[in-house]
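Colleague: This is the structure I want to talk about, given as structure tokens.
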């Protein structure tokens, strides 16, 4: 029968050549041995030890190659071997029928995928094949085989009945048992029975650990470049041949060889520029006591902007690596733009530490198009810094060379070092295809999330659930924030510790009101460490502005810098920023300014990046003539990730945490300032309504009315003259606005009670909407497939193609991304009205890689108005052959004058960006 089993194909190549299924399973068994070997990454073993707690690990490691090799036992079946989906499969089915294999007609429904056939076989026969194995263990192996292609199915009973109805088990169970026997011969543990592995404490966590390892080994073992098809060798010959292929696996797959961690780990050694003046948070991290018994842990760093949190967090990640022996890390940021900036910084650090083994993977929808360009920036920076070094090379270590195996969107998160958006982490907690692989990809790593104060209730619900899983999987997590309300901080702490302790009924909390603060959460302890702020006594004067005319606003801007200086105005809405900037351009004294600029998210990406660089050049941490007169107008993009400094900040009324974030750009660098600017000043703008309250109607779609009203009340309650003392007032103001208690006095004013009720309703809706999309919790008695809920069909390419904003998935809301295209004669299209930047497309090759880059570089995210989104969704690209990179982007066709074909009220202005003449609010 062994000669007969060789006839059953696993991978097809040609009509007369194939790779037998049993040979593929041998390949995967060998790969598993390699992944568990002592010379490879320690993260995989660490993950298994966390997910299989309570088991005999020596027995587990010896048996895992066999268990993983069984992943495709369901291919030894009539449904797989008799499928008629392609010419090749039909040819092989005819060949097998001629050899006497039983291949009955297959039912049209239900589907009988090999994953479920294999799961049914394990469920029905593992107990008799391996006496003493527990039902819990059988369920784990059954579900791992069931889910190793990306989703768990509950239809095992239906599949079992369908197989019985066509008489398949009678003829094929003996063949499957023969395959089982062959794999047992080659991979069974010599020193233990399978039953001696025991039972893991968490059946769901163990399933994730096994299915993750199984999927990874299967992907490597399925690569024909690593394991070429061979249907002529005998079983014994092929076993030796397959084993020999392991020595030829390229290092690009990232798991071999193991990196050394012998470098000194402190902030000064990792960041030499910080060595002379370490910030207090960096000193705290350097002195933190860490050992493996305290890990995994959650670290929450709360500090103002400009305190060196990023360098401290990277140092902490390396210290965790030193303690655990595993140095893999994933850094998640709010947007693609901030991810790209961090990618450059991390690449410089890790290539300095590890050379080519320190290659960082960029993980988002545009990564394939921009990653090598960003690597060139790293190379150029290194060449500039080391201009006298003899060893400097002009050869770019291309991501296509070093990290080729991780280029697939499904595998990118597996790379040892990665940077991406927070969506990549949250997708691990959402019930979409391959969530189990995402969890496995993050397991045992240090996962760093920046700007967690910016997440809403929907995102926080997903994040808390994912934190539980990361704790179970052995991942240490570092959260960075300007500051958090106490209830939000305690919810994150409780979620992680519930994962560590399996107890969500008695959540852990901390009552520390200190600020800045480092909170360290381990399985049995919560430690809070206070530290001084780098700028310990920043006094900011508050001023208020209520004028309603654009001309008066512009005049106020000029008055702020009449004697020189820089002023920024952050508007809540794009339309307001555009209108204010247009009025500024019309001011008769505009030409007297040293510089002026507009920055918001509704600009083509390439224009926005150029404007960001302009802000950095004008207002960054370098000398500036104090008599220069500079005006910058923008939206929320001016409050995130840009390191700039102004003498005066003006902001529309916004939630208190964002006002404080914006105030962090006030006089943050040491420089000479004009006499009028010796006192930092934050001016808050809002008009009045007829009741004598802030007129916030236009901003309510962006921010909750209750939070805006509370912010206004808290600031109005300050003593006259009004000053904010930072960082001392951070906690007090945040807690006053974001308190979980109903408003006071009781009863409050009707407008405040209505706003409170709306806030509670909205938060409940967002929480409920998120919860129906979550994967099962890690600590449950039932198998994970039984608890599996409705699978949400979130195409992962779609999830990433919209610049990290996955509507109703990782982020709630309606959002699309458009690409403005100017329509030229003869069905030609360009990115500019003059037709210079034409888009090259051919019927055979489609869009060139350069054209794809150009289109993505001009993409614009949109979230409002609804009528425009609806009409844009009906737009279609003029070409049939579309790459995945732009498949989910939407063309916005323009006349040469910039007006949109679908509506003249929409136009692309070279100075203002995309202008939409309508009444409504948005946050962009």
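Only the coordinates and a few stated rules stand behind these numbers; no lab work does. Being a predicted model, the structure only gives us computed values, none of them experimental. Cβ placement follows ideal geometry from the backbone for every residue including glycine, while neighbour counts extend to all protein chains displayed.
Colleague: Taking a spot 7 Å from the Cα of residue 106 along the direction of its beta carbon, which residues of the range 122-149 have an amide N less than 18 Å from it?
Modeller: 146-149
Colleague: Let me ask something else about it. What percentages, rounded to whole numbers, describe P(r) for the range 1-101 computed over all alpha carbon pairs with 10 Å bin width beginning at zero?
Modeller: Answer for the range 1-101: a P(r) of 14, 37, 22, 18, 9 percent.
Colleague: Once both axes come from the Cα atoms, what is the angle between helix 705-716 and the longest principal axis of the chain, in degrees from 0 to 90, rounded to 10?
Modeller: So the helix axis and the longest Cα principal axis differ by about 40 degrees.
Colleague: Fewest to most neighbouring Cβ within 10 Å: what's the order for 571, 823? Could you put the intermediate results ahead of the total?
Modeller: Working: 571 25, 823 16.
Ascending Cβ contact count within 10 Å gives the list 823, 571.
Colleague: Restricting to Cα pairs below 8 Å that are 6+ residues apart, what does the relative contact order work out to for the chain? Please round to a whole percent.
Modeller: Answer for the chain is 12 percent.
Colleague: Suppose R0 equals 51 Å. What FRET efficiency, 1/(1 + (r/R0)^6) with r the Cβ-Cβ distance, do residue 562 and residue 523 give to the nearest 0.05?
Modeller: My answer for the efficiency is 0.30.
Colleague: At what distance in angstrom do the alpha carbon centres of the range 576-595 and the range 869-906 lie from each other?
Modeller: Computed from Cα coordinates, the inter-centre distance equals 31 Å.
Colleague: Next question. Among 699, 877, which comes first, second and so on when ranked by fewest other beta-carbon atoms within 10 Å?
Modeller: 877, 699
Colleague: Next question. Return P(r) of the range 538-726 (all Cα-Cα pairs; 5 Å bins starting at 0; whole %; ordered from short to long distances).
Modeller: 1, 8, 17, 21, 22, 17, 10, 4, 1, 0
Colleague: Using only the alpha-carbon atoms, how far is helix 367-385 inclined from the longest principal axis of the chain? Give it as 0 to 90 degrees, nearest 10.
Modeller: Computed tilt is about 60 degrees.
Colleague: Label residue 97 and residue 510 with points 7 Å out from Cα along Cα→Cβ: what is the distance between them in nm?
Modeller: Those two pseudo-labels are separated by 6.9 nm.
Colleague: In degrees from 0 to 90, rounded to the nearest 10, what is the angle of the helix 156-165 Cα long axis to the longest principal axis of the chain?
Modeller: 30 degrees
Colleague: Moving on. What ranking do 723, 247 get, fewest neighbouring Cβ atoms within 10 angstrom at the top?
Modeller: 247, 723
Colleague: Another question, then. Please report the spacing between the Cα centers of the range 120-155 and the range 518-571 in Å, no decimals.
Modeller: The two parts, judged by their Cα centres, are 58 Å apart.
Colleague: Can you tell me the FRET efficiency between residue 893 and residue 376 if r is taken as the Cβ-Cβ distance and R0 is 35 Å, rounded to the nearest 0.05?
Modeller: Once rounded, the FRET efficiency stands at 0.60.
Colleague: Now, a different point. Could you check what % of the DSSP bridge pairs in the chain are antiparallel, to the nearest 5?
Modeller: 40 percent
Colleague: Evaluate E = 1/(1 + (r/R0)^6) for residue 842 and residue 408, where r is the Cβ-Cβ distance and R0 equals 22 Å; express this FRET efficiency to the nearest 0.05. Could you put the intermediate results ahead of the total?
Modeller: Details: r = 25 Å, r/R0 = 1.16.
With R0 = 22 Å, the Cβ-Cβ based efficiency is 0.30.
Colleague: Another question about this same structure. Stretch residue 749-residue 456 to full length: gain in nm at 0.36 nm per residue minus the Cα-Cα span?
Modeller: 102.9 nm
Colleague: How big is the range 19-245 by Rg and Dmax over its Cα atoms, in Å?
Modeller: 17.2, 50
Colleague: Taking the simple approach of a point 7 Å from Cα along Cα-to-Cβ for both residue 555 and residue 356, what is their distance in nm?
Modeller: 6.7 nm
Colleague: Once both labels are modelled 7 Å past Cα along the beta-carbon direction, what's the residue 537-residue 223 spacing in nm?
Modeller: A separation of 6.0 nm, rounded to one decimal place.
Colleague: Would you mind calculating the gained length between residue 88 and residue 849 on full extension (0.36 nm times residue separation, minus the Cα-Cα distance), in nm to one decimal?
Modeller: Gain on stretching residue 88 to residue 849: 270.8 nm.
Colleague: Please compute the length gained on full extension between residue 616 and residue 719, using 0.36 nm multiplied by the number of residues separating them and subtracting their Cα-Cα distance.
Modeller: Numbers: separation 103, 0.36 × 103 = 37.08 nm, distance 3.54 nm.
Taking 0.36 nm per residue and subtracting the Cα distance, the gain is 33.5 nm.
Colleague: Also, I was wondering about something else. Compute from the Cα atoms of the chain the Rg and the Dmax, the latter being the longest Cα-Cα distance, and quote both in angstrom.
Modeller: Cα radius of gyration and Dmax of the chain are 29.9, 96 Å respectively.
Colleague: Further question: Within 10 Å, count the other beta carbons around each residue, average over each peptide in 290-296, 472-478, 187-193, and list them highest first.
Modeller: So the order, starting with the most tightly packed, is 472-478, 290-296, 187-193.
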